[in-house]
Amino acid sequence: MGGTRGKPILITPAGAVMTRNMAELTLCPLSAIPPGEGRNFDVRGEKIAVFRTRSGGVFAVQATCPHRGGPLSDGLLGGTRLICPLHAWKFDVSTGDVLFGDCGIRTYPVHVDDSAQIVLHLDGVVR
Amino acid sequence: METKRKLVLIGNGMAGARTVEEILARGGGSQFDITMFGDEPTGNYNRILLSNVLNGSYKEDDIFLNPLAWYRENNIRLLAGTRAAGILRRARLVFAEDGTPEPYDKLIIATGSRPILPPMDGLKMPDGAFKPGVFVFRTLEDCRGIASYAEGKTTAAVIGGGLLGLEAARGLQNFGLEVNVVHLAGHLMQQQLDAGAGAILKTSMEKLGVRVLLNKNTTTILGQDRVLGLRFADGGTLECDMVVISAGIRPNWEIAAGCGLPIERAIVVDDQMRTDDRDIYAVGECAQHRGQTYGLVAPLWEQAKVLADYITGSNPQAAYHGSKVATKLKVMGVEVASMGIVEPRDSDDEVVQFSEPKRGTYKKLIIREGRLVGGILLGDISKAAYLMQAFDRNTPLPDERLRLLFDIGDPPKQVTFEEMNAATQICNCNGVSKGTIVACVRNGKRNAKAVMDATRAGMGCGSCKSMVTEIVEWACGGQTEEDPSVHYYVPGVPLTKPELIRAIREHNLRSVSAVFDYLAGGKEDAASKPGLASLLKTLWHEEYEDERDARFINERVHANIQKDGTFSVVPQMPGGITSPAQLRCIADVADRYRVPLVKLTGGQRIDLLGVRKDDLPNVWRDLDMPSGYAYGKSYRTCKSCVGSDFCRFGLGDSISLALKIEQEFQGFDSPHKMKLATAGCPRNCSEAMVKDLGAVAVEGGKWEIYIGGAAGSSVRKGDVLCTVDSHEEVLRYMGRFIQYYRENAKYLERTYRFVQRLGIAKIRAVVMEDSEGIAERLDREIAASKAAYKDPWKEVWAAPVANRYSSLLPVLS
């Protein structure tokens, strides 16, 4: 592993060296997440919940509820609004805003590429 | 510099002084120089407590509301003992009796009222003064006069058996006098009581030593130079040493009439308490608003507030809309509460009545269109606070009228919401206090649903929902804004359940997303999804298009989520019957998957708690037992007692009935969970009488079917639906009820609420007598649901969905 002074780098599993600005991570094919559901991903030790809305949007947020640590990927999704399964705190997964509860959740930039793969932008994900 | 306007009040009684207090509270002290004319030489005192002064339980000083110092501190010029004699409107002057003019910019008339003197001979002496021994009872001075005259006397009469007359009688008794109440009407307190209550009150009064004479018209006060007795129109007489006249009051409107203001029964005012003259107001007993005059204190407080709001400009929209008259008092130790009318007026008026003369208890309510329009409570007024609030706010009454008169079962609701401490916890599941609910209403949430959404009150077990609703109504002052969505089956589709079912059938909608597309403008609502999924499954059986995202996680993975994100697994165990082989198998699974806790459930089954999501399919495969549905809004279980096989008391075979029930209804989706039980005799060891559905064997080979029982956050004994002769009939009628419940209950409405809402009579008619002609169809639907049953734990292995049970996925690259 090497580095350029003042310019942090990441190493992808394939071994290619990229600067952080360019860093992206392919999570899974879009089809791996059923419409209206979410799944958890292990992104280098950090757990991230990724949701696929029924209208085709894909969003990534922190995996646990800030209230009592409920598994957000097990929540009910309607549009981009998510209900935590434990005590029904509500969030908007597109913005991280809290709709019911005391505080919002962290979001991560994500998109679906041309080959229908869900791609996470690593900006700010890995410390 | 702006000069202050001059505000003059004629009257320094309870209405006048309270109005000034309200004006000061709105910053009126910086707008007005205030001058008050007061007939009496003192500050303002609480006239209501005069009888307590008379009977010695209060000293004079105790009843002062505004002592003279209060006027000084607030820079109010009090002309105590100075009677206002006239008003010159054109010059805006009030004249004192000695001719001194007092200029005003705004004038408030609060002259109150005075006792009515019925026409009778011998009332006055030739000089116009009362004959010695004749008194009225209105002021502190009257009080002193009565007290000093009573010294050494033996007998007194009170003319008038109304509220004030009885209070005077009570005061007189304390001087050791023999007291007679002489009343013109046929029963006491006819303004507040009906004849029945009046008769009981009379008995109570007589027990306390007061003699009550009814239908007595006093024509003459006997005695040359002092009172010696009374003569009545019927020729009879009564010897007495003194007489207190308390035959009603008459508003003091003369000063207003003298300057040409409109008078009817009193000084006519509009909704801002203004007379015909924009600068002159009237308030209290001397005012007549929308044809009504008031002699009680509560309306007067309301009028004072509106007047102060308006005159200070602090709320130019303030308006008085009249008061509903309710009163609670103690007459000689007998508690009385009265509100509204005392006799029914419409033929549809419903009267609920209880009378126990021996104990002096009487209760009567008059209900019109489900709302209280009149009420009398005598002797026991424990329900007065609740009833007076319901009367005042015009809130709908509970269907069970008995609860209006008595506290039965439920914790006594003896505090009103006003009295209730703000910190009182209302929702015990989510820890929401009365104060939080009220604050939420103040912040603009004007209906129960909005408040529940915002605070989570009532969103736990739901048993406090009705209390939350009542508090919201109270906090809104009865002016709730109804949220139409309370009538919807689910919040996100604007249709009631029957409308929704019709639309689903009409458009042939078989999936939750199709319902959103067709009936909600394509707008998905997360909270509505599970309810729709449940209903669609009920309507379409196996033709329902299952979309797993529409299900709550428990039903998505057929297990019950726990606080740490693990799950509990409860295999089916019909009737609570197991076997050594099954127990060995369960033990092995618990070991193999390191299950942290194995516990018996309340439904006679075994619960494996703390199973990882990823292990669920393997646990099910290894158990090789069907799902027990311990996670769903569905049929859960049917527990059973030992029944007739082993129990020496058993009358019926409860075990085999429980097995048949499980076979019949397993896996049924329903609006909420359904827990069942069968009991082999009325000892009810399996608690069948407090289940959603229960069957209890009774002598003669019969079974009683109970429905709508509960023993969770609410406790309710079920209603007996019917008594039948065989297991087959139990299954048939239980099935019919279950299907009727599935089609008609709101989502998350347990059977006990559903049965209470519809009433057992209605349900019996539908299920037993086929009053709607749907029994055959209900039976068919049940059969179709039964045919569509598949064990979800086996399904997982038949058609696995990739990563459904993965708690964490690796990334591709």
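Annotations
- Filter result for B:PRO530 (touching a Lys or Arg at 6+ places or on another chain (Cβ under 9 Å) and either within 14 Å of another protein chain (Cβ to nearest Cβ) or of a type outside the set (D, E, K, R) (or both)): yes
- Matching strands (runs of 3 or more DSSP E) fully within the stretch B:1-96 where at least 1 residues are under 22 Å from B:ALA282 (Cβ atoms) and without any contact (Cβ under 8 Å) to a residue 12 or more places away in the chain: B:93-96
- Scope the stretch B:469-515; condition free of Cβ contacts under 8 Å to residues at least 40 places away in the same chain, in a helix (DSSP H, G or I) and more than 30 Å from B:LYS537 (Cα to Cα); matching residues: B:THR469, B:VAL472
- Qualifying residue in the stretch B:466-488 (condition: within 14 Å of another protein chain (Cβ to nearest Cβ) and buried (at least 22 other Cβ atoms within 10 Å of the Cβ)): no
- From the options B:THR455, B:THR436, residue that is touching a Ser or Thr at 6+ places or on another chain (Cβ under 6 Å), more than 20 Å from B:ARG551 (Cβ to Cβ), surrounded by 18 or more Cβ atoms within 10 Å (Cβ to Cβ) and within 11 Å of another protein chain (Cβ to nearest Cβ): B:THR455
- Residue in the stretch A:17-33 that is modelled with pLDDT under 95 and among the basic types (Lys, Arg) present: yes
- Whichever residue in the stretch B:516-527 is in contact (Cβ under 8 Å) with a residue 24 or more places away in the chain and more than 8 Å from every other protein chain (Cβ to nearest Cβ) and, among such residues, is surrounded by the fewest Cβ atoms within 10 Å (Cβ to Cβ): B:ALA520
- Members of the stretch B:147-194 found to be surrounded by fewer than 23 Cβ atoms within 10 Å (Cβ to Cβ) and on the phi > 0 side of the Ramachandran plot, listed by number: B:GLY152, B:GLY176
- Any hit, the stretch B:197-211, residues being within 41 Å of the chain's Cα centre (by Cα), in a loop (DSSP other than H, G, I, E, B) and among the polar types (S, T, N, Q): no
- Test: residue in the stretch B:169-184 that is assigned to a loop (DSSP other than H, G, I, E, B) and under 33 Å from the mean Cα position of the chain (by Cα): no
- Test: residue in the stretch A:76-94 that is within 11 Å of chain B (Cβ to nearest Cβ), on the phi > 0 side of the Ramachandran plot and buried (at least 17 other Cβ atoms within 10 Å of the Cβ): yes
- Residue under evaluation B:ARG548, criteria (1) at the interface with chain A (Cβ under 8 Å from one of its Cβ atoms); (2) at pLDDT 95 or above, criterion not met: (2)
- Residues of the stretch B:559-575 satisfying the condition of being more than 13 Å from chain A (Cβ to nearest Cβ) and in contact with a strand residue (DSSP E or B) (Cβ under 6 Å, 6 or more places away or on another chain): B:SER568, B:VAL569, B:VAL570, B:GLY575
- Of B:SER640, B:SER644, B:SER654, B:SER627, all but one fail to be hydroxyl-bearing (Ser, Thr, Tyr), buried (at least 17 other Cβ atoms within 10 Å of the Cβ) and under 41 Å from the mean Cα position of the chain (by Cα); the exception is B:SER640.
- Selection status of B:VAL801, assigned to a loop (DSSP other than H, G, I, E, B) and either surrounded by fewer than 21 Cβ atoms within 10 Å (Cβ to Cβ) or away from chain A (no Cβ under 14 Å) (or both): yes
The values are calculated or read from the model by the stated rules, or taken from the named source; none is laboratory data. This is a predicted model, so every value here is computed, not measured. When we count neighbours, we look across all protein chains shown, and the Cβ atoms used for this are built from the backbone with ideal geometry, even at glycine.
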